[in-house]
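Coordinate-derived values only; no laboratory data. These figures come from a predicted structure and were not determined experimentally. In this analysis, Cβ positions are derived from the backbone assuming ideal geometry, glycine residues included, and neighbour counts consider all displayed protein chains.
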Protein chains: 2
Amino acid sequence: MRRESRARLELSLLVEPGDVRVRSLLLAAGSAQTLVGALRAGTPVGDSLPLPEAWRHAAQHLDARLGRATERAAEARLRWVAPGDSAWPVQLDDLDQVEPLQGSTGTPLGLWVRGDASPSVLAQRALAVVGARTATAYGSAQASEHAADLGDAGFTIVSGAAYGIDASAHRGALAVGAPTVAVLACGADADYPRGHASLLDRIVGTGGLVVSEQAPGAEPLRSRFLSRNRVIAALAEGTLVVEAARRSGSLNTLHWADRLGRITMGLPGPVTSAQSDGVHQAVRDGKAVLVGSSRHVMVELGVRLTDDPDAPDPDSAYDRLPLMVRRALDALSWGATASVEDVAGRAGLTTDEALAAVTVLHGRGLVSCLDGRWLLTGRADSA
Amino acid sequence: MRRESRARLELSLLVEPGDVRVRSLLLAAGSAQTLVGALRAGTPVGDSLPLPEAWRHAAQHLDARLGRATERAAEARLRWVAPGDSAWPVQLDDLDQVEPLQGSTGTPLGLWVRGDASPSVLAQRALAVVGARTATAYGSAQASEHAADLGDAGFTIVSGAAYGIDASAHRGALAVGAPTVAVLACGADADYPRGHASLLDRIVGTGGLVVSEQAPGAEPLRSRFLSRNRVIAALAEGTLVVEAARRSGSLNTLHWADRLGRITMGLPGPVTSAQSDGVHQAVRDGKAVLVGSSRHVMVELGVRLTDDPDAPDPDSAYDRLPLMVRRALDALSWGATASVEDVAGRAGLTTDEALAAVTVLHGRGLVSCLDGRWLLTGRADSA
């Protein structure tokens, strides 16, 4: 292991990963090696940056912490990947450039990784799909479907392994054999939540990864969910929120994505569903683009599509009618029958043209003939 | 009746109301009186504007047409209101300023009005609520609810009396005793659609109006629905589309509203519903603002609300917790119990403060106590 990579690992055992002060101290110290040395020695770095006492205290026990972490990592087959390593997803470096959100920011010191794939390869084209824990059947189905479609299109699906939308997103990717990455708020050695142990195993067994910036054995503290969300957002080109109540944590992921300049998308739902309120609000606030289908997601992500996603439905008959026939259609009424001569007069057609046109319309099931006179009866698409 | 108002009535019997050529010819002629005279005499107006032969031909039969229209109007108790009359809704004059859409544009020559109310009074604060004929139960309920809420807030509800969303919008207004205006594509004397005869009667009987720019007896030609839509959009400050399939005519109303600089709004729905596709697309295209509630509609319309529509839900406990308590909450884990001392150390609180904080959290049902140690168990709103 490179010395700086190892120093970042050590540092991650002393500080709270994601804490905004880590970024400042690292910047002042110039390297993790220097900062770890300073924490051990209790000597200041930079002019006015205090070394938090808890971190200095922890540095006195670094060797014991390192021993425990290494042991747990070996047991759970975790490896450490840090900036500078070839497997490091450089997308995460963007986190050093963004303003803190609720006390978190900064490039992770590194990631503990469970699974054989390379994080940097999986992050090349990745979409985050996140949402409510208490998802509806609608939301769960949509999350799976979008994850499967985008997985099929070559995207890695990133999510948080939580109940509800997260789990459905991972499962959608697994269903099409696409790689999926679970970013945990606790150590990557833990099966968290407990009920998702087999899901996490399947993720790792299908070319995906379980990752965390937290040390093996670290607990899922509330604040760690918030800092974890920044990793999900940064790993992916775009974040899709499927169901989120007004104050849902998945909106926090969306805000990270927005702050990072990533593509932010929201899937709408019935306005009667509180689980869609947060998504609708995000769209209203301009924090997310509305997407109504996985094709819309592909458009936002710049996927080259073979056909126009906004093309009219194939059953939109009106636009495919010849102009003459459309004119005749426009001259017909839903309320009263008209003779072919009436249609011709109104539409500016000859009687022969009008007769040909209504015959076409009749063949399409759009008009009816009553005693030799014509009446609109079919559904017209744009009236 | 003023001479120009009467001339506009006559003109409306010779031409196709809403036809873009009417605006040009009126502009060239300077007045409806001059234009009717020119049509009768077959003399050109302006330099290069041809008088359509059908209209010149019709002018030869003006007296007969006028007789029939007057008779029908009297029977159906219709009155004619034209620009310059005190009952004229001046909002419609904006239509002379906008580019044609599918061959229609221009201020109506006048409106045939059924009902005692004044169109200009009803149009002072009006919202158009339109949408699919083949509405879902969700859409119909939403249309009624929004119409009722906005009716309650003092708005006239304008729609097209069609089956589906239109009918639900009218009914929602009727339910709260708010005035509602049905703009028909056929003559205002007709009960169209036939199944809505009693709905139209109730509209007129509850301080509302049934109006049309078409002559009494005029048939609901397909093209007239498109030109009718411009009248709906122009009468209202804003147009709300509730359910619209990809090529729905209600999107045509939305485009008119957009062209007129009115407020355009779309109510989202499940992405699995084809009836919401057109709405979602309009939001994506920036043609409509997403609204998730009637409060959102009020915000868009500039209604002064007594409370903040985007305030957190009253049950969003987290933000109402004291800072100290929130810190303790952030230091607790879903995965493992912690002692009060652990919480104090992580949160930077004294042991007494930490104990007080977890006691508060326990009282709110957010944490559990196991053997004197603490664990997150309640749903936290923002994690």
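The table below lists the values:
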quantity: Fraction of alpha-carbon pairs over 50 Å apart in the protein assembly as shown - percent; calculated: 33
quantity: Dimensionless Rg/Rh of segment A:318-376 - Kirkwood Rh, Rg from C-alpha atoms; calculated: 0.91
quantity: In nm, spacing of pseudo-spin labels at A:LEU62 and B:SER120 (7 Å Cα→C-beta vector); calculated: 8.4
quantity: Charged-residue dipole, Cβ positions (Lys, Arg, Asp, Glu), the protein assembly as shown about Cα centre, Debye nearest 20; calculated: 60
quantity: Shielding score for B:249-259, defined as the mean number of other chain Cβ atoms within 10 Å; calculated: 1
quantity: Around B:ALA59: net Lys/Arg minus Asp/Glu count, Cβ-Cβ under 12 Å; calculated: 0
quantity: 222 nm mean residue ellipticity, helices alone, for the protein assembly as shown (DSSP H n ≥ 4; -39,500 (n - 2.57); rounded to 500); calculated: -13000 deg cm²/dmol
quantity: Debye equation applied to the C-alpha atoms of chain A, log10 I(q)/I(0) at 0.09, 0.13 Å⁻¹; calculated: -0.60, -0.97
quantity: Segment B:1-60, relative contact order [Cα under 8 Å, separation at least 6], %; calculated: 33
quantity: Shielding by other protein chains, A:270-280, mean Cβ within 10 Å; calculated: 5
quantity: Estimated FRET transfer efficiency when R0 is 51 angstrom, pair B:ASP96-A:GLU53 (beta carbons, to 0.05); calculated: 0.10
quantity: Cα-based equivalent ellipsoid of segment B:155-236: semi-axis lengths in Å, sorted from largest, via gyration tensor; calculated: 19, 13, 11
quantity: Compactness index (Cα Rg / 2.2 N^0.38 Å), segment B:219-267; calculated: 1.08
quantity: Convex hull projection area averaged over all views, segment B:175-280, Cα basis, nm²; calculated: 7.4
quantity: FRET efficiency for B:THR377 and A:ASP201, using Cβ-Cβ distance with R0 set to 25 Å, rounded to 0.05; calculated: 0.45
quantity: Cβ-derived FRET efficiency at R0 45 Å, A:ALA41 paired with A:TYR163, nearest 0.05; calculated: 0.50
quantity: Residues A:MET265, A:MET1, B:MET324, sorted so that the one with the fewest Cβ neighbours within 10 Å comes first; calculated: A:MET1, B:MET324, A:MET265
quantity: Formal net charge of residues neighbouring A:ALA354 (Cβ-Cβ distance under 14 Å; K, R +1; D, E -1); calculated: -1
quantity: P(r) of segment B:1-60 over all Cα-Cα pairs, binned every 10 Å from zero, in whole percent; calculated: 25, 64, 11, 0
quantity: Proxy reagent accessibility, fewest Cβ within 10 Å first, across B:ASP166, A:ASP191; calculated: A:ASP191, B:ASP166
quantity: Peptide-level mean, for B:289-296, of C-beta atoms on other protein chains within 10 Å; calculated: 5
quantity: Candidates A:ARG133, A:ARG230, A:ARG77: whichever shows maximal mean-square fluctuation once chain A is modelled as a Gaussian network with Cα springs under 10 Å; calculated: A:ARG77
quantity: Largest-first ellipsoid semi-axes for segment B:264-308, taking √(5λ) over the Cα gyration tensor eigenvalues, angstrom; calculated: 23, 11, 6
quantity: Formal net charge of residues neighbouring A:PRO83 (Cβ-Cβ distance under 14 Å; K, R +1; D, E -1); calculated: -1
quantity: Pairwise Cα inverse-distance average, inverted: Kirkwood Rh of segment A:240-283 (Å); calculated: 10.1
quantity: Distance from segment B:179-246 to segment A:289-304 (C-alpha centre basis), Å; calculated: 37
quantity: Neighbour-count order for A:LEU375, B:LEU349, A:LEU39, fewest beta carbons within 10 angstrom listed first; calculated: A:LEU375, B:LEU349, A:LEU39
quantity: Cα-based equivalent ellipsoid, segment A:53-151: semi-axes from gyration tensor eigenvalues, Å; calculated: 31, 19, 17
quantity: Size of electric dipole in segment B:87-232: Cβ of Lys, Arg +1 and of Asp, Glu -1, about Cα centre, debye, nearest 20; calculated: 320
